[in-house]
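Some notes on the structure that comes next.
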Amino acid sequence: MPIPSQLLPFLLAAAVVAAEAHLILPAFAEHQGREEQEQQQAVVERPGCQDMCGNISIPFPFGMGKPRCFLPGFKVTCDTSSSNRPRLFLAYNISGPFQRTSALNHTSTKGGTGSGGNTNAVELMDISVADNEARVYIGVSSDCSTNGSRHFLAKFQDIVLGDDGPFLLSATHNVLIGVGSNVESMMVTSFGERGKETKAYMPSCLSNLMRRLQYATDGTCSGLGCCLAALPPNAPPLTNFGVGFMPRPNYLWKTNPCFYGMLAEKSRYNFSTHDLNGIEVLYPEGVPVVLDFAIRNLGWCPPEGQQQPPGYACVSSNSTCVNTTRGNDYVCKCLEHYHGNPYITDGCHDINECKLPDLYPCSVDGVCGNRLEGYDCPCKAGMKGDGKTGHCVENFPLAAKVVVGLAACIVALVLMVMAHQLLTLKRFHEQNGGPVLKGVKNIKIYRRKEMKQITNNYSCVIGEGNFGKVYMGTLEDKQQVAIKRSIKVDKNMKAEFTGEVIVQSEMRHKNIARLLGCCLELDVPMLVYEYVSRGSLYDALFGLRRVHIISVDMRLQIAAGSAEGLTYMHSAGECTIRHGDVKSANILLDENFFPKVSDFGTSRLLAGGKTEKTERVIGDMSYIDPIYMGQGIVTQKSDVYSFGVVLIELITRRPATYSNKRNYVTSFVEAYQDKRARNLIDNDIISEVDIKLLEMVSGVAVECVKFNPEERLDMKQVEHRLLEIIGQGVQDGQGRNYQADLSPAPDDVALLKSWGE
């Protein structure tokens, strides 16, 4: 459409500022291209990247700080200088994105004089990677009478997202709004090559109260005080846009001096007649506007079966790439029935449709079952139909004789099932060593029905063991117990299993979780242990039951008690036993933080302390002895190595991690040898006395994790060393606190980073 000549002065200031900006863009674009190429190559994962600004989430590909923390064009900044709240912004760039404010003095019939614009970064409200949308705040344009009905001061707000950037104004989620007694607001945008842009005036809307304020009504934008216009859905990509005004006189300028125009998200603006009263700035922070984003300048999605190009952004499994209509760009989405972030590794997770009945219906007469890539909702037993459509009806019997015949069949079937169950129970009992274990004094043999009563039909799951779930139970005397699955026993393992159970039943030590009984009438035996209320040491250090401050005295008590339990295990009886899976998750704590070693049901007897080559020991890779990893050899010194890793966790309060180079252990040992161990001690420990005690414990840990098993301490020596350290702590006295910051020296920053690699 032709541009009215009287409109040109209204956008003069904005055009001048835009032209000035274009003069310096080519050199900047070349620098930006090199920078974005380096960022694209660096992006692999997001460890150590800030993912929150106040209460606003920053999902990848957005990010801040190091280039690997965000994709090109998605850099953000977090402004914490405000006393009210942290504010998140798209990183300012001279080619966009930014928001510009320009002013113009004019009359309703003639042009005027304009001033250069001020530019600011665009503030983010929230980000949705699932919808590939970002919600931002954009300022409101105003046109206010200064002297009479025909003299105005206009302030225009326009947005420059940049032709090469990832962002576009969403034409489907936003609308144009005008507020005023006689205002015609219009959206102004520009298209074409830089320096040769063509301005276009797209939608507009008119609000005219005909000099009667009483015509305006709260909550409606019908043209009386407030007007609204949809954006054209087939418009070219909207990267540079703003809101201006057609010149119209303001007959109510004394009481309602200002007209307003804005782009806003649908349904976000609720008109109020108070907005007509006339303040120069309406909504100072701006109004919500939705931007679409996509991965730019990397081409279309690769054809199915073709190798992914360098820098391909859809890295999550169960994700897909979708081309956009803009050209030469794409977005990433999780597949149907998955949700999450497709831009990070393993970011898309299966949706449990059964927990979202409003979105995935299932009849009350149906049985909802989640599965990958969907869900099922068959009708309940005795009914037919489709539970997803809500149509399930009962199956009525055809005749009385059918009922009688069915009843007879049921009775016969029940008798057969009962006989089969009795035979099965007897077979399991014998297979799992029942005749041998029946005569053991220190252990009780439970029936299968007793286990159901004790566990309330296995209703309370309190954790996961190596071989399955761990259940809470209550014995007849109200004692709480933990019940876990053992290994499946075949005829070749019967003697070994019964031997292990007998040895465990004879272990009576304050630092070992006591085996109380077992149930053998199952395919896989169930073991009944005493229940330890506070959970594991891992939970106390790092997990859901994390204790905010753990004193050095308490850490030494936990370490010494655990060492005492392992020492007893290594030396009790004619046949010694090694644990095989020592880790902080297998050291339980009671209400007084008293440690008890648990979960040694996977261990194997070692006659006379001999080494044994095995493939059945299951251990955590972060704690396991490197000798076992390389040779399959498990000894009591393997337990010593694993316990050394637990000591490092107690000292540093950093969870053990696994890597091929064993950086977690190696970095700690190197720091200790370089006399820098104190730089790795938990930041909560500030007392010099406590720090020295933990340095002494560090020496014990280093002795435990030596590569050559022959050079390691044995558990008895470890126990004695820890008790000596406790004695030293008693001599040195108290007067400690645990709430200051013990930050590492600059030389140790790289060392600390290497722990997670």
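Here are a few things to note about the model shown:
- Test: residue in the range 392-399 that is at pLDDT 85 or above and part of a loop (DSSP other than H, G, I, E, B): no
- When the range 316-337 is filtered for residues that are in contact (Cβ under 8 Å) with a residue 24 or more places away in the chain and of a type outside the set (S, T, N, Q), the ones remaining, listed by number, are R326, D329, Y330, V331, C332, K333, C334, L335, E336, H337.
- Of the residues making up the range 525-564, just one is of a type in the set (F, W, Y) and in contact with a helix residue (DSSP H, G or I) (Cβ under 7 Å, 6 or more places away or on another chain), namely Y538.
- Total residues in the range 60-83, condition of a type in the set (A, V, I, L, M, F, W, C) and closer than 17 Å to S316 by Cα: 5
Here is a yes/no grid of residues against (1) outside any strand (DSSP E or B); (2) in contact with a Leu (Cβ under 7 Å, 6 or more places away or on another chain); (3) not polar (S, T, N, Q):
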site: A154; (1), (2), (3): no, yes, yes
site: Q157; (1), (2), (3): no, no, no
site: A200; (1), (2), (3): no, no, yes
site: G223; (1), (2), (3): yes, yes, yes
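- L423 meets the stated requirement of being part of a helix (DSSP H, G or I) and modelled with pLDDT under 85.
- Residues satisfying the stated conditions in the range 532-587, i.e. more than 30 Å from G499 (Cβ to Cβ), surrounded by fewer than 20 Cβ atoms within 10 Å (Cβ to Cβ) and of a type in the set (V, I, T): V547, I549
Residue by residue, here is whether (1) on the phi > 0 side of the Ramachandran plot; (2) among the acidic types (D, E); (3) touching a strand residue (DSSP E or B) at 6+ places or on another chain (Cβ under 9 Å) holds:
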| site | (1), (2), (3) |
| --- | --- |
| I443 | no, no, yes |
| K452 | no, no, no |
| V461 | no, no, yes |
| E464 | no, yes, yes |
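- Hey, F74 out of contact with any Asp or Glu (no Cβ under 9 Å at 6 or more places or on another chain), under 30 Å from S145 (Cα atoms) and at pLDDT 90 or above or not: no
- Of the strands (runs of 3 or more DSSP E) lying entirely inside the range 249-354, those containing at least 1 residues that are outside the structural domain of F74 (by TED's automatic domain parsing) and within 30 Å of V183 (Cβ to Cβ) span 258-265, 287-293.
- Tally, over the range 60-104, of residues that are surrounded by fewer than 19 Cβ atoms within 10 Å (Cβ to Cβ), part of a loop (DSSP other than H, G, I, E, B), touching a strand residue (DSSP E or B) at 6+ places or on another chain (Cβ under 9 Å) and among the hydroxyl-bearing types (S, T, Y): 3
Rundown of residues vs (1) without any contact (Cβ under 8 Å) to a residue 12 or more places away in the chain; (2) within 30 Å of T320 (Cβ to Cβ), yes/no style:
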residue: E373; (1), (2): no, yes
residue: D376; (1), (2): yes, yes
residue: C379; (1), (2): no, no
residue: G405; (1), (2): yes, no
residue: C409; (1), (2): yes, no
residue: M416; (1), (2): yes, no
residue: N432; (1), (2): no, no
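- Taking the conditions (1) closer than 28 Å to F293 by Cα; (2) modelled with pLDDT of 85 or more; (3) acidic (D, E) in turn, D218 satisfies each one other than (1).
- Flag for L206 being closer than 30 Å to T325 by Cα and assigned by TED's automatic domain parsing to the domain that holds H151: no
- Residues satisfying the stated conditions in the range 172-210, i.e. on the phi > 0 side of the Ramachandran plot and at pLDDT below 90: G192, G195
- Residue in the range 289-296 that is without any contact (Cβ under 8 Å) to a residue 24 or more places away in the chain, surrounded by 14 or more Cβ atoms within 10 Å (Cβ to Cβ) and in contact with a Cys (Cβ under 9 Å, 6 or more places away or on another chain) present: no
The values are calculated or read from the model by the stated rules, or taken from the named source; none is laboratory data. Small disclaimer: the values here were computed from a predicted structure and weren't measured. FYI the Cβ positions are ideal-geometry reconstructions off the backbone, even for glycines, and counts take in every protein chain you see.
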